Amino acid sequence: MIDIGKKYIISLSLSLLMIMSLVLINEKKKSIYQAHPPNLERLIKLHPDKWYPVESEVSSPAWLGSGQTEYDILKARTYRNVDGQQVTIVMTWGRNGIQKAGHVQQLCYSAQGYSISNQNNIEVPIKGNKLIVTNFVASQLNDQVEDVFYWRITDGKILNNIQKTGLDDQRLSHRILRMKEVIKYLFTDIPDNIMVRVSSKKYDSDSPSVPPLKYIKEYLENLSSQDLKLLTGL
């Protein structure tokens, strides 16, 4: 256990180191600024058979505009299948994969007032490979429950969104892990980042949510090898 004073000092020190490192990264003339953005508009419009686009809050300019400062590209769509199951898929791209690495979604939901539970990494079999997908349940006091599945790809490699640092404070743990990532790229080219998130709303926080996993598997299985490599690193 770490007392509040030590936790504050550690957090402040890490924040200062992070700022200094990011300043150094910004001063580097790297190839990231020449990176060609992926066509996420095309990719997110691809969908498995018997899934159809429907209007939702993520279709609004206001929702899309709210995340434009966090990412260089943000796309979102909602799909419903013939059985009435519905999912929302979000794709982001950041030219600078260190500063815009696609947020750890547990922290994003927590900042919006959600309670986070049942965090785990699961393996999803895709074309003979295994994609590591992070899953958690986000709940609010009004009984709104959302099952969230997502992954992040930086430099063609999947990031681990649930790493243990021995600290109870999740935000502090995230800062430590981010610091490791930043230091690693101080002396190499800075890669871009892609994040894919698929979620659905439900009423029982204990029951497993089938639609997101079903959609992820069907969607990725139907991609070309090039598109699959881009979105998953597989």
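The values are calculated or read from the model by the stated rules, or taken from the named source; none is laboratory data. The structure presented is a predicted model; accordingly, all values stated were derived computationally and were not measured. Methodologically, a virtual Cβ is constructed for each residue, glycine included, from the backbone with ideal geometry; neighbour enumeration extends over all protein chains shown. Ligands, DNA and RNA are stripped out before the accessible areas are found, and what is left, the full protein with its side chains, is counted by its heavy atoms. Shrake-Rupley method; radii C 1.70, N 1.55, O 1.52, S 1.80 Å.
Tabulated data for the structure shown
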| item | result |
| --- | --- |
| Close pairs from region 104-128: first outside the structural domain of Arg152 (by the TED database) and closer than 26 Å to Lys229 by Cα, partner part of a helix (DSSP H, G or I) and open to solvent by less than 50 Å² (accessible area, probe 1.4 Å), Cβ under 6 Å, at least 6 apart | none |
| Candidates Tyr185, Tyr150 - the one that is under 30 Å from Ser225 (Cα atoms), among the hydroxyl-bearing types (Ser, Thr, Tyr) and modelled with pLDDT under 85 | Tyr185 |
| Scan of region 59-109 for residues that are aliphatic (A, V, I, L, M) and in contact with a Lys or Arg (Cβ under 7 Å, 6 or more places away or on another chain), ordered by number | Val82, Ile89, Val90, Met91, Ala101, Leu107 |
| Test: residue in region 41-60 that is crowded, with 16+ Cβ neighbours inside 10 Å and either modelled with pLDDT under 55 or farther than 19 Å from Leu231 by Cβ (or both) | no |
| Looking only at region 65-106, and only at residues there that are exposed (fewer than 14 other Cβ atoms within 10 Å of the Cβ) and not charged (D, E, K, R), the one that is nearest to Leu46 (Cα to Cα) | Val82 |
